[in-house]
1. Students often check this: by mean Cβ neighbours within 10 Å, which of 145-153, 59-67 ranks highest, and how do the rest follow?
2. If amide hydrogens are placed 1.01 Å from N in the peptide plane, which non-local residues have theirs closer than 5 Å to the one on Ile24?
3. So for each of 22-29, 117-124 I average, over its residues, the number of other beta carbons within 10 Å; can you give me the resulting order with the highest mean first?
4. Compute the FRET efficiency between Trp137 and Met58 as 1/(1 + (r/R0)^6), taking r as their Cβ-Cβ distance and R0 = 45 Å, and round to the nearest 0.05.
5. To the nearest 0.05, how large is the calculated FRET efficiency for Ala75 and Ala198 if R₀ is 35 Å and r is the Cβ-Cβ distance?
6. Through the Karplus equation 6.51 cos²θ - 1.76 cosθ + 1.60, θ set to phi - 60°, convert the phi angles of segment 133-147 into ³J(HN,Hα) values in whole Hz; use x for Gly and Pro.
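Taken together, the values in this text are just the output of simple stated rules run on the coordinates, not laboratory data. Note that the coordinates shown come from a computational prediction; the quantities given were computed from them, not determined experimentally. Methodologically, a virtual Cβ is constructed for each residue, glycine included, from the backbone with ideal geometry; neighbour enumeration extends over all protein chains shown.
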Amino acid sequence: MTMLIVTLLSVIGGAICCFAGYKIFRVALALIGGCLGAYGGMLLFSVLSKYDIGFMHMKYSELITVIVCAIVLGALAFGLYMKALVAVVTLICGWYFYFDSGSMGFKLPWTSPLITIAVSIIFGMVIGFAVYFLQKWAIIIFTSFIGARIITSVLVPYLMALVSGKHGEMVLQVLTREISGNAEIAIGTCAMLILMGAGIAVQASKNK
């Protein structure tokens, strides 16, 4: 149930960001924050559920954790808006750089995870400040990319599960890179680039 709700909300939020991110950027930023919060909530639950915490073993505790995290981060992103822009963009771009660099076969010139985290944060901040200062085109490209990335993050694992016959919480496994097959990476990357291109084209045509 939790995975289905997160998937539906992610697809809806991702589509809005991808194809209308610039026009309603404040709402798009809140949706991005909400999606980030939902993913964070799943990861938080997966960690805390391993301990003897009463609430974490109650019915719907995972769903409640995900919803609370999504609402909190979404509300913060919407309320702080431009103040939160750099922080939200830094977190998201840093997140994807940290996890995607390894799964997509990039050979980093270091082995320390701390250096990778530091580089991820710097990479995210560069994108964040670019969006903050360059505005229109940076926002269009950023929202199209993030929207496409969110959609493919949740749909591609389900597609692979349907084809392979393996079911379960594959979205969380993909997000944490517990599974990252070559076929999945290729399909996900192609789908993301197609959606991103479509999003940029649609937003550019509507915001001339």
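1. On the way: 145-153: 25.1, 59-67: 17.0.
Packing order, densest peptide first, comes out as 145-153, 59-67.
2. none
3. Per-residue Cβ counts within 10 Å, averaged per peptide and sorted highest first, yield 22-29, 117-124.
4. Details: r = 47 Å, r/R0 = 1.05.
Efficiency computed from Cβ-Cβ geometry: 0.45.
5. Here the calculated transfer efficiency is 0.75.
6. 8, 7, 6, 2, 5, 5, 5, 4, 5, 5, 5, 5, 5, 5, x
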